[in-house]
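Q: Structure in C-alpha cells, see below.
The values are calculated or read from the model by the stated rules, or taken from the named source; none is laboratory data. The shown structure was predicted, so the numbers you read here are calculated from the model rather than taken from an experiment. Here the Cβ positions follow ideal geometry from the backbone for every residue, glycine too, while neighbour counts run over all protein chains shown.
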Amino acid sequence: MESDQDPQSRFLRLFVEHEDSLRVFVRSLLFTHDEQREVMQEVAAVLWQKFDASMDRQAFGRWAFGVARMEVLSYRRDRARDRLTFGDEVFELLAQTVSEQADTLEAERRALETCLQKLPAGQRTLLQTAYAPGVKMDQLAARLGRTAMSLYKTLHRIRLTLMDCTQRVLANDN
Amino acid sequence: MTTSMNLNDPRLELIHRSQMDGFTTEELALLERNLREDPGFREVYVRYANIDLALSAVAKPSPLPATPFNRIISALRRWAYRGVSEDPVSLGAPAMVSQLWLNVRVGMAVLAVGLLAAVLPFPKVVEAPCERIIQQTSAEVSYFVMQLIGTPVARQGLNFHSPGVTLQFVEACSGIRPTFILLTISGLLAGFVLNKTLNRAVLVLAMIPLGIVQKGLWVCAIVTLAVRMDPDIVNTWVFRQGTAINFTLSFITMLGLTAWLARSERKAKI
C-alpha cells in the first residue's frame with residue numbers, strides 16, 4: 001500500500017511517473033536542450049528536498065509542475081534572460097496542455113522510433129549528429145559547409161516531418 | 001489530438017526561430033499570443049517540444065542495410081571485433097578508439113588477402129580474356145589521343161609504328177595485377193570512407209577504366225616523347241618503370257576521387 005512505502009521509494013515512483021511530462025513542460029518553456037537538462041536537474045533536486053510523503057499522485061503532479069515553473073523563472077532571471085520568458089497565463093496553459101496530453105505524448109514518443117526508420121539515411125545521420133551531446137550547431141554547420149540558419153531550418157523541417165509521421169502512425173493504430 | 005498539422009503554417013516558423021540566437025522580444029510576444037489564443041497551436045507547440053526531447057534519446061545509429069556488401073563487411077567486423085560491442089558510440093571514447101584500431105585490423109586483413117591474390121597466378125581462362133580487353137581498349141585510347149595531338153603513328157592492331165620507335169601492347173604489360181590491387185584498395189576505401197552504395201560502386205568500378213585510360217595515355221606519352229624529343233627514351237628508367245609510375249598516378253587519382261565522393265556525401269542536400 002502507498003502509505004507503507006518509505007519516502008524514498010514513494011518519491012521515486014511519483015517522480016518517474018511524472019518525469020517525462022515534466023521534461024516536456026520544461027522543454028516547452030525553454031529554448032535549448034542544454035537549458036532543459038540544467039533546469040531539470042534543479043527541479044529533481046528541489047522536488048526531493050521538499051518532498052512531502054503524504055502527497056497523493058495528483059497533488060504531487062500539480063506541485064511538481066509548479067516547482068518546474070519556478071525553476072525555469074529562476075534560471076532565466078539568473079542568466080539575465082527574463083525578457084524572453086512567457087507570462088504566467090502561458091505557463092499555466094502549457095502545464096495544463098502537457099498534463100492533459102501526457103498519454104498521447106508518450107504514444108508519440110514510442111511512435112517516433114518507427115518514423116525515424118522511415119527517414120532517408122542522410123536525414124537520420126544528420127539528426128544523430130545534431131543531437132549528440134556536446135555538439136554545437138554553428139560548428140556542425142561549418143563542418144557541413146552550411147550556414148547555421150540553413151542547418152536549423154533543415155532540422156526544423158525534419159522535426160515537423162516526424163511530427164506528421166507520428167500522428168499518422170497513431171491514427172493508424174487507432 | 002487535433003487533425004493533421006499543416007506543415008506550411010507560417011506560425012511554425014516562430015517555434016523554429018525560438019531556438020536560434022537573435023530571437024527577439026517581439027517574436028516572443030507573437031509566440032506567446034498564439035500560445036494563449038489558439039489551443040491547436042499550443043498543442044502543436046507541446047508536441048514539437050516532445051519530439052525534440054525524444055529525439056535526443058532515440059536518435060541512435062540504425063543498423064546497416066542488409067546489402068551484400070554490408071553483409072561481407074559485417075562478417076569481417078564480427079570476426080575482428082569478437083568480444084567487443086558493435087555499438088561503440090554508446091560505450092564512449094575508449095570503445096571508439098578500439099573500434100578504430102579494429103577497423104585498421106580488418107582493413108589490413110582485407111588488404112593482405114587482396115595483395116596475396118594479386119601475386120598468385122590467375123587462372124588462364126580468366127586472365128587471358130581480361131588482358132586482351134585491357135590491351136585492346138588501352139590501344140584504342142592511345143591511338144585516339146595520338147591522333148588528337150598530332151603524333152605521327154601507323155597502327156597495325158596492337159603495334160604502333162612512329163618515326164624512330166615501334167611499340168607493341170603486350171600481355172605482360174597489360175597492368176592487370178596493378179588494376180587488381182587498385183580494385184582491392186578502392187574497395188577498402190569505399191567500405192570505410194563512403195556511406196552511399198552508389199558512390200562505393202562508382203569508386204570501385206572507376207578503377208577499371210582508370211587503369212585502361214592511364215595505360216593508354218602512358219603509351220601515348222612515351223611515343224610522343226620518343227618522336228618529338230629522343231627515341232632513346234624507351235631505353236631509360238622512365239619507360240622501364242612505367243608500371244610503377246602508372247600505378248602511382250592511378251593511386252593518386254583514386255584518392256582524389258574518394259575525397260571528392262566523400263565531400264559530396266557530406267554536402268548532400270537534406
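Q: Please go through segment A:10-39 and pick out each residue that is surrounded by 21 or more Cβ atoms within 10 Å (Cβ to Cβ) and either of a type in the set (A, V, I, L, M, F, W, C) or touching a strand residue (DSSP E or B) at 6+ places or on another chain (Cβ under 6 Å) (or both).
A: A:Leu14, A:Leu22, A:Val24, A:Phe25, A:Val26, A:Leu29, A:Leu30, A:Val39
Q: Right, something else. Here is a list: A:Met163, A:Met137. Which entry is more than 8 Å from chain B (Cβ to nearest Cβ), more than 28 Å from A:Gln58 (Cβ to Cβ), in contact with a Phe, Trp or Tyr (Cβ under 7 Å, 6 or more places away or on another chain) and not basic (Lys, Arg)?
A: Checking each option against the conditions leaves just A:Met137.
Q: In segment A:126-162, what count of residues is obtained for those that are surrounded by 15 or more Cβ atoms within 10 Å (Cβ to Cβ), among the hydroxyl-bearing types (Ser, Thr, Tyr) and farther than 25 Å from A:Arg23 by Cα?
A: 0
Q: Across segment B:166-198, which residue is modelled with the lowest pLDDT among those that are of a type in the set (S, T, N, Q) and closer than 21 Å to B:Glu131 by Cα? I'd like the intermediate steps shown before the answer.
A: Within segment B:166-198, the subset of a type in the set (S, T, N, Q) is B:166, B:168, B:174, B:179, B:184, B:186, B:195, B:197.
Checking which are closer than 21 Å to B:Glu131 by Cα leaves us with B:166, B:168, B:174, B:179, B:184, B:186.
Numbers: B:Thr166: 76, B:Gln168: 75, B:Ser174: 69, B:Thr179: 80, B:Thr184: 83, B:Ser186: 86.
If we take residues in segment B:166-198 being of a type in the set (S, T, N, Q) and closer than 21 Å to B:Glu131 by Cα, then B:Ser174 is modelled with the lowest pLDDT.
Q: Here's another thing I want to ask about it. Out of the residues in segment A:144-156 that are more than 8 Å from every other protein chain (Cβ to nearest Cβ) and either assigned to a helix (DSSP H, G or I) or of a type in the set (A, V, I, L, M) (or both), state the one that is nearest to B:Leu55 (Cα to Cα).
A: A:Leu155
Q: Ok, one more. List pairs: first in segment B:7-32 and more than 7 Å from chain A (Cβ to nearest Cβ), second of a type outside the set (Gly, Ala, Ser) and not in a helix (DSSP H, G or I), Cβ under 6 Å, 6+ apart or cross-chain?
A: B:Arg17/B:Phe23
Q: Is it the case, given these coordinates, that A:Ala130 is facing chain B (nearest Cβ under 10 Å), among the small types (Gly, Ala, Ser) and within 23 Å of A:Leu30 (Cβ to Cβ)? Working first, answer last.
A: Numbers: facing chain B (nearest Cβ under 10 Å): yes; among the small types (Gly, Ala, Ser): yes; within 23 Å of A:Leu30 (Cβ to Cβ): yes.
Spelling it out, A:Ala130 is indeed facing chain B (nearest Cβ under 10 Å), among the small types (Gly, Ala, Ser) and within 23 Å of A:Leu30 (Cβ to Cβ).
Q: Out of all the residues in segment B:73-93, is one or more surrounded by 13 or more Cβ atoms within 10 Å (Cβ to Cβ) and modelled with pLDDT of 85 or more?
A: no
Q: Would you be able to tell me the number of residues in segment B:143-197 that are in a helix (DSSP H, G or I) and under 20 Å from B:Gln214 (Cα atoms)?
A: The total comes to 22.
Q: Quickly run through segment A:111-139 and pick out the residues that are of a type in the set (Val, Ile, Thr) and within 17 Å of B:Glu265 (Cβ to Cβ). Explain how you work it out, then say what you get.
A: Let us first name the residues in segment A:111-139 that are of a type in the set (Val, Ile, Thr), namely A:114, A:125, A:129, A:135.
Selection gives A:Thr125, A:Thr129.
Q: Okay, moving on. Hey, any hits in segment A:130-142 for a residue that's in contact (Cβ under 8 Å) with a residue 24 or more places away in the chain, part of a helix (DSSP H, G or I) and touching a Cys at 6+ places or on another chain (Cβ under 8 Å)?
A: No: segment A:130-142 contains no residue that is in contact (Cβ under 8 Å) with a residue 24 or more places away in the chain, part of a helix (DSSP H, G or I) and touching a Cys at 6+ places or on another chain (Cβ under 8 Å).
Q: Taking the criterion of being modelled with pLDDT of 80 or more and under 30 Å from A:Lys153 (Cα atoms), would at least one residue in segment B:241-248 satisfy it?
A: Within segment B:241-248, none of the residues are modelled with pLDDT of 80 or more and under 30 Å from A:Lys153 (Cα atoms).
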